[in-house]
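The values are calculated or read from the model by the stated rules, or taken from the named source; none is laboratory data. Just so you know, these numbers come straight off a predicted model, no measurement behind them. Using ideal geometry, Cβ is built from the backbone for each residue, glycine included, and neighbour counts are taken over all protein chains shown.
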Amino acid sequence: MMKVILLGYMGSGKSTVSKMLAEKRQLPHFDLDEMIEEKAGMPVKEIFSAKGEIHFRKLEHELFHQLMERNEDFVLSLGGGTPCYANNHLLFTGENTISIYLKASIAELYNRLTDEKQHRPLISNAHSEDMKEFIAKHLFERSYFYNQAMHAVNVDGKSAEDVVSEVEKLLI
Ligand code: S3P
């Protein structure tokens, strides 16, 4: 039995890598943001604007816990903030669980996020010149939680395929 959890900041490649990994390993794949959207019946961005971040964090916590109680193998991609609220990080070292932090530098995240920030409620209003500062501050606050993962894989300059291969080495 193995539950593989991928975590990391927005833009670190969690969703892409976890989908590819699940396919390669023939495991069910879950994306926590997608599950939250399904439950709420609206996109993450709308949950933030219509109901507020706290509502989002409660749903996130509830669904993550429910998933970890399931008696099955899977690959799960968390949201960028999941590890940092409601003691969610305590589930990273549970039995039959392997948690992996996809670690990206501020510069790498800045480059990846500038093109696609309109879908991300936390950064969609940031001007480009504030973005680096925003990411740096966020990473500073969040690193403690990200570092609770059992492993970290550096993703800077790597393709999703390369990251999947590195993650696979940790699963043996
Ligand atoms: C968030 C990251 C998002 C999503 C929500 C909040 C965060 O997930 O859960 O917008 O707090 O960093 P991704 O990391 O998949 O973009």
Leu27: more than 10 Å from the ligand (Cβ to nearest atom) and in contact with an Asp or Glu (Cβ under 9 Å, 6 or more places away or on another chain), yes or no?
yes
Which condition number does Leu21 fail, the rest of (1) more than 15 Å from the chain's Cα centre (by Cα); (2) closer than 23 Å to Met150 by Cα being met?
(1)
All-but-one check, Tyr9 against (1) in a loop (DSSP other than H, G, I, E, B); (2) surrounded by fewer than 20 Cβ atoms within 10 Å (Cβ to Cβ), failing number (2)
Pairs under 7 Å by beta carbon, first residue under 12 Å from Phe30 (Cα atoms) and more than 15 Å from the ligand (Cβ to nearest atom) in segment 55-70, partner modelled with pLDDT of 95 or more and aliphatic (A, V, I, L, M), six or more apart or different chains?
Met68/Leu91
Hey, can you tell me all the residues within segment 74-100 that are surrounded by fewer than 16 Cβ atoms within 10 Å (Cβ to Cβ) and either within 14 Å of the ligand (Cβ to nearest atom) or among the aliphatic types (A, V, I, L, M) (or both)?
Ala86, Leu90
Look through segment 34-52, keep the residues that are small (Gly, Ala, Ser) and part of a loop (DSSP other than H, G, I, E, B), and return whichever of them is surrounded by the fewest Cβ atoms within 10 Å (Cβ to Cβ).
Gly41
List the number of the failed condition for Lys14; all other conditions in (1) buried (at least 18 other Cβ atoms within 10 Å of the Cβ); (2) basic (Lys, Arg); (3) farther than 20 Å from Glu141 by Cβ hold.
(3)
Flagged in segment 139-163 as surrounded by 16 or more Cβ atoms within 10 Å (Cβ to Cβ) and polar (S, T, N, Q), in numbering order, are Gln148
Pair list, Cβ < 6 Å and 6+ apart or interchain, from segment 127-140 residues that are in contact (Cβ under 8 Å) with a residue 60 or more places away in the chain to residues that are hydrophobic (A, V, I, L, M, F, W, C) and in a helix (DSSP H, G or I):
Ile135/Ile106; Ile135/Leu109
Could you give me the residue pairs with C-beta distances under 7 Å whose first residue belongs to segment 107-124 and is under 15 Å from Ala136 (Cβ atoms), whose second residue is among the hydroxyl-bearing types (Ser, Thr, Tyr) and more than 10 Å from the ligand (Cβ to nearest atom) wherever it lies, and which are 6+ apart or on separate chains?
Thr114/Ser128
